[in-house]
1. Which peptide among 305-312, 358-365, 200-207 comes first, and what is the full order, when sorted by highest mean count of other Cβ atoms within 10 Å?
2. When the helix-only estimate is applied to the chain (DSSP H runs of n ≥ 4, each -39,500 (n - 2.57), divided by the residue count), what is the mean residue ellipticity at 222 nm, nearest 500 deg cm²/dmol?
3. Figure the gain on full extension for residue 508 and residue 6 (residue separation times 0.36 nm, minus the Cα-Cα span) and round it to one decimal in nm.
4. Note the direction-averaged projected area, equal to a quarter of the hull surface, for the Cα convex hull of the stretch 113-331, in nm².
5. For residue 310 and residue 20, calculate 0.36 nm times their separation in residues minus their Cα-Cα distance, and state this gained length in nm to one decimal.
6. Can you quote the Å³ per residue value for the convex hull of the Cα atoms in the stretch 337-518, rounded to an integer?
7. Given N residues in the stretch 156-239, what is its alpha carbon radius of gyration divided by 2.2 N^0.38 Å?
8. Nearest 10 degrees, 0 to 90: what angle lies between the long axis of helix 310-333 and the longest principal axis of the chain (Cα atoms)?
């Protein structure tokens, strides 16, 4: 869109109702002008293959479709299609000038009540998740089905969608996606499709292919006076005529992406009870991989948009990489045997970053000694504790209580057949041995991930932590040498020892860990990818 038009539409007098301010947001396909009480959404004149908004007529048609389809779940929010007109003073949504484009007009929803923001702030309850699940399940039960819609649920159509996505994301190799990751995902999808032809056919015959929403994720749900689920797919029927499992997989994937996968079971229990579809779980991993790929693609497309600022492109690239890594993680985690993974290393050596990234990619629960210790001491998570070394919260008795709590949590997970990551210093051989025995008791693999880096790097990290009010760890440089003197380095006889230099990029280190863990699926491709990058 011409810069002069964008500039005009950021002026309050361009709108028919009074407003004190106008804020411009962008996606890869839209400009959103946010006034005090409304949102005006103009489609960009782009053609990505899966959507085409290159003519005014197309944009008008898809604006109308957006209103019609979104009124299914959000009737009071979508007000209609309005005309963008030209005038001597600039483009506006009032007056009598020539029509130059169209926009969807919506009531503005409270940003502080968006589900992604509320989850990040810890303001979402299980009751909220169950309420969302009931609304989506009821929507699916009443959504249109049969006829041409069923054709999109067959394996041939699903293969076409995957092929199109793989073709499109190939453009992002070495930008937000590695060739190795793409190969792992492509190989798994092909194998899964071949093995489950009958399952896809049964989903069609059982009536689970519906005219769905197609874009249910955290940013598109608002918990205000009601549950508002907005911004569905209007531009391509094949993205909306889908298995209901594919529709909810988007939300479940997004919960994983934001570290809130604990809500998935709550959602699924409620959804299955209302929808009468207990079999929905059989395809969820398949569709979560698909959804992560789509989100990675959407974020990557922003990198080629000349209207998006460079700072926003950097953010989009980071998000895209994380989505693509999540997609690969869904594949690899399926071959992970029951395992107990502990970190081991001095303060500031990068244990928590490694533990968090590993838990994210393998979909594992994580226990943090810092969180457990502060919980036992009834201290807010992000309150800095300045006790001397070995005193107060770090006295031997308190350290032992922390260790026992982590042992209990690890045993509960392994007893239930779940793998788990424990993030702690584990400076004592005896403490590592206790976790090794728990692992052996339940026939789980035991991995020790030891982190190290130069001491000047540790000092820099610890100094930065002291200035960060949102830091969980209490590690400080003045305590470092005392901890170093007590540290008992692990040996290979204690378990599978994996040593990590945390000055290397985090994703490279995670790949190295996964290779050493020798997870069956994808390990050979990972090893091949690592070899080719070193040659």
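1. So the peptides 305-312, 358-365, 200-207, ranked by packing, come out 358-365, 200-207, 305-312.
2. -15500 deg cm²/dmol
3. 176.6 nm
4. Numbers: hull surface 48.2 nm².
Directional mean of the projected Cα hull area for the stretch 113-331 stands at 12.1 nm².
5. That pair, residue 310 and residue 20, stretches by 101.6 nm at full extension.
6. Details: hull volume 20.4 nm³, N = 182.
Per residue, the Cα convex hull of the stretch 337-518 comes to 112 Å³.
7. 1.39
8. 60 degrees
Read-outs throughout are calculated quantities, based only on the coordinates presented, and are distinct from any laboratory measurement. Here the structure is a predicted model, which is why all the values come from computation and not from measurement. Note that we place each Cβ from the backbone using ideal geometry, even for glycine, and neighbour counts take in every protein chain shown.
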